[in-house]
Amino acid sequence: MSTAIAALALDGAKKIHQLTVQEFEKILKQKGPDTEISFPGTGYCFPLAYALLGAEVRVLGDISPVLEAARKILPTAPPDKSAWKDPLGDLAAAGHATLLAGEAMVGLRYLTGEEPREGCQGFIIDEMLRTLGIQLVDGRIAGFAALLGAAPDSATAVEIVRGFQKKNILVFVGGESGGTSIIDQLKEEKVKLGWDNYLVPYGRDTFSAIFVLNWATRVPLTYGGLKKGEREDIIRYCRERVPALVVALGEIDEYKVAAAAGAISLGFPVITDNEVPQLLEPGLCLHEALVAEPDYEQIVARSIQTRGIKVRVKEIPIPVPYAAAFEGERVRKADMRVQFGGKYSTAFEYLKMDDLDRVEDGKIEVIGDNLDSIEEGGHLPLGIVVTVAGRNAQKEFESILERHLHSFINEAMGVMHVGQRNIIWLRINREAYQSGFRLSHLGEIIVARLHNDFGAIVDKVQVQIFTGEDEVARGIEEARKSYEARDERMAGMTDESVETFYSCTLCQSFAPNHVCIISPERLGLCGAYSWLDGKASHEITPTGPNQPVEKGRVIDREIGQWEGINEFVYEASHRSLERFSIYSMMIDPMTSCGCFECILAIIPEANGVMVVNREHAGMTPCGMDFITLAGMVGGGVQTPGFLGIGRLYVTSHKFISGDGGLKRLVWLTRELKEQLKKRLIKRGEEIGIPDFYDMIADENIAVDSAALLEFLEKKNHPALSMEPMF
Ligand code: SF4
Ligand code: ZN
């Protein structure tokens, strides 16, 4: 290990520690030790102190022991490493001290209102981990790169960022070099920043890199079931499972080196454009810890290789960049060349199966006007008809494949796709148009992606794109009949109508023992996988994360336990879970990973349950907000009384049917209530309580149990007279 680097890191760590102590003492004197201090939107206090020391920083006075711990691990005279079980090497010691002190510093800045800086994210809330969870496990996000400093010029900055984006790597940008920040370089080049673009500015100095590091360190806490202070396990988890890395750009100083040591001490490698002595031995990191790559054309590839990130790239023959990073990008009216659908014209997309000999693979036809014939900012009707054939293709997969058209099309830079079926809305921006993007390229995208992602069930793909009023009207008629037939078929599917459920273990990359069992009437807790998705996905990758699970002999029909399911879950959870009830949140409930859309929680006083979605920031009547609840249910463990669920499960006929069903539902967030309104009204009629919808409270009615009870009594809510939940 290079002692020169370690010495510089130690120097930086000491200075960071000193600066923080000074700042802390000043603020402590002004405000007193009992002043509350916190980051927004987290259940982990100061996450690094929480993870590495087990400390819960809630008031100013709690910072003292954290800074003291940081001081102790720094090899000052006399060295004192007694606070740690294993003696840390100098570099890791400098790293840990930097993380602890640096986090305290940015925490203090939150207290004094200096963070987040204008236009910067600052501290990243827990919810972002859950929101991105599913994209991480399915590979849409292959990793995270934190860029720290500035590139030699803004064109190079763009090139590096685009390089990562094209490889589906979420990029954080911040820090500075010689007074310039990469954030400004990107702004100068008019690059769109934001979560939707996989490009997030975190802050403007080296300290702010803490925001990315203490976010990445929450992955083991959120998904891995690890607890505060389990330092070694948390670091091992980060090193082995969290695909994060740091790229330090521009001149280095002791602060940057200390921050780099902080990343390395968590197992995240650092790649720099400086000629520094490298740390190539694995140990601290999975592969190399510190790599010098002065060639900017190579820096992205080198970074990916150093972290060992596996990237699946898709080469699509279109004239604009194409990657998952561009999926969430919006096309604003001012930038728009042309649009289709929405409230402007009729538009639909429809995918159908046909016989092999009736489909010509790769054939793309544009029937009607193309983009050149409409004025700037204008609109056209649009019909996208995709015909697919394959030896293993099954008619019931039509809807699955069709639903993917949304992300396929959206991943082209400068193209926005919203909605599905006959409510689509498409926009193409001027830049894409000027680069040569035309309607036929929509076809190219669809053909390439269907072959790439669904090659196992798709042998031939043909696309027709219509823009004539009459053709679109005719096409939409045919499509509508098919949409309706599909809906009827799905509505008729019950858990009893099949012998096989599907497992999903996609989230095991982050929650190693977690298993979802997906039945026709209960979708995965992330909301992204239905039974049909599981089936299709198994067809595509027979040895993949979705396996058919025979129910087998019934153990308990009420709560939904079967021998076959239990046996499968036992093995798939690495023998940590013996039993799963599909329909009960009280007896052997399913586990939760971390990417649940909602949390279902018991409210004992009301003898009922509530559901809160992860976007909801406020209090709930069970006495906890979403963040606190989420801390209880994640990590692949069973927590009776609490359950992560997908939104649509609330209106399923099997919604906790083993615990009394929908009649138990006493509280929902306003947002869920609105989203599910139609279905809830219908379900109310089905259970013989036509005004059930109005009996459900929300945050405008009650956020504590007393107000909730008063409301429920007034409404004569059925839960009050049901048998006790326990
Ligand atoms: Fe993860 Fe379950 Fe969703 Fe699969 S279904 S991706 S395991 S949450
Ligand atoms: Zn998950």
Out of Glu499, Glu521, I need the residue that is more than 23 Å from Ala393 (Cβ to Cβ), more than 9 Å from ligand 1 (Cβ to nearest atom) and acidic (Asp, Glu). Which one? Glu521
Output the residue which, of all residues in segment 1-45 that are in a helix (DSSP H, G or I) and among the charged types (D, E, K, R), is farthest from Asp253 (Cα to Cα). Lys31
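Per-residue answers, yes or no, for (1) assigned by TED's automatic domain parsing to the domain that holds Lys663; (2) under 20 Å from the mean Cα position of the chain (by Cα); (3) crowded, with 22+ Cβ neighbours inside 10 Å; (4) among the aromatic types (Phe, Trp, Tyr):
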| site | (1), (2), (3), (4) |
| --- | --- |
| Gly594 | yes, yes, yes, no |
| Val609 | yes, no, yes, no |
| Gly623 | yes, no, no, no |
| Leu629 | yes, yes, yes, no |
| Met632 | yes, yes, no, no |
| Gly635 | yes, yes, yes, no |
Number of the condition not met by Leu600 [criteria: (1) within 16 Å of ligand 1 (Cβ to nearest atom); (2) in contact with a Gly (Cβ under 7 Å, 6 or more places away or on another chain); (3) among the aliphatic types (A, V, I, L, M)]: (2)
Being closer than 18 Å to Val212 by Cα and either assigned by TED's automatic domain parsing to the domain that holds Ala432 or in contact (Cβ under 8 Å) with a residue 40 or more places away in the chain (or both) is true for just one of Val246, Val270, Val300. Which residue is that? Val246
Could you pull out the residue among Thr206, Thr222, Thr180, Thr217 that is within 16 Å of ligand 2 (Cβ to nearest atom) and of a type in the set (S, T, N, Q)? Thr222
Exclusive hit being of a type in the set (Lys, Arg), within 24 Å of Ile540 (Cβ to Cβ) and over 26 Å from the mean Cα position of the chain (by Cα), set Arg421, Arg337, Arg403, Arg358: Arg358
Over segment 224-238, the set of residues part of a loop (DSSP other than H, G, I, E, B), surrounded by fewer than 24 Cβ atoms within 10 Å (Cβ to Cβ) and either within 16 Å of ligand 1 (Cβ to nearest atom) or not aliphatic (A, V, I, L, M) (or both) is Gly225, Lys227, Lys228, Gly229, Glu230
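Would you say Ala617 is within 15 Å of ligand 1 (Cβ to nearest atom) and over 25 Å from Pro724 (Cβ atoms)?
Spelling it out, it is not the case that Ala617 is within 15 Å of ligand 1 (Cβ to nearest atom) and over 25 Å from Pro724 (Cβ atoms).
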Read through the list (1) crowded, with 24+ Cβ neighbours inside 10 Å; (2) within 13 Å of ligand 1 (Cβ to nearest atom), then give the number of the only condition that Asp533 fails. (1)
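For segment 622-643, indicate whether the set of residues that are over 30 Å from Pro512 (Cβ atoms), touching a residue at least 40 places away in the same chain (Cβ under 8 Å) and part of a loop (DSSP other than H, G, I, E, B) is non-empty.
yes
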Taking Asp625 and the conditions (1) farther than 30 Å from Glu56 by Cβ; (2) away from ligand 1 (no atom under 16 Å from the Cβ); (3) out of contact with any helix residue (DSSP H, G or I) (no Cβ under 8 Å at 6 or more places or on another chain), which numbered condition does it fall short on, given that it satisfies the others? (1)
Is it the case that some residue within segment 465-481 is within 32 Å of the chain's Cα centre (by Cα), crowded, with 17+ Cβ neighbours inside 10 Å and not in a helix (DSSP H, G or I)? no
What single numbered condition from (1) part of a loop (DSSP other than H, G, I, E, B); (2) within 16 Å of ligand 2 (Cβ to nearest atom); (3) more than 17 Å from Leu577 (Cα to Cα) fails to hold for His514? (3)
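Might you let me know whether segment 643-662 holds any residue that is among the hydroxyl-bearing types (Ser, Thr, Tyr), within 16 Å of ligand 2 (Cβ to nearest atom) and either surrounded by 18 or more Cβ atoms within 10 Å (Cβ to Cβ) or within 30 Å of Asn716 (Cβ to Cβ) (or both)?
Taking every residue of segment 643-662 in turn, at least one turns out to be among the hydroxyl-bearing types (Ser, Thr, Tyr), within 16 Å of ligand 2 (Cβ to nearest atom) and either surrounded by 18 or more Cβ atoms within 10 Å (Cβ to Cβ) or within 30 Å of Asn716 (Cβ to Cβ) (or both).
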Quick count over segment 517-558, residues being in a loop (DSSP other than H, G, I, E, B) and away from ligand 2 (no atom under 16 Å from the Cβ), is 11
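The values are calculated or read from the model by the stated rules, or taken from the named source; none is laboratory data. Small disclaimer: the values here were computed from a predicted structure and weren't measured. Cβ sites come from the backbone with ideal geometry, for glycine too, and all protein chains shown count toward neighbours.
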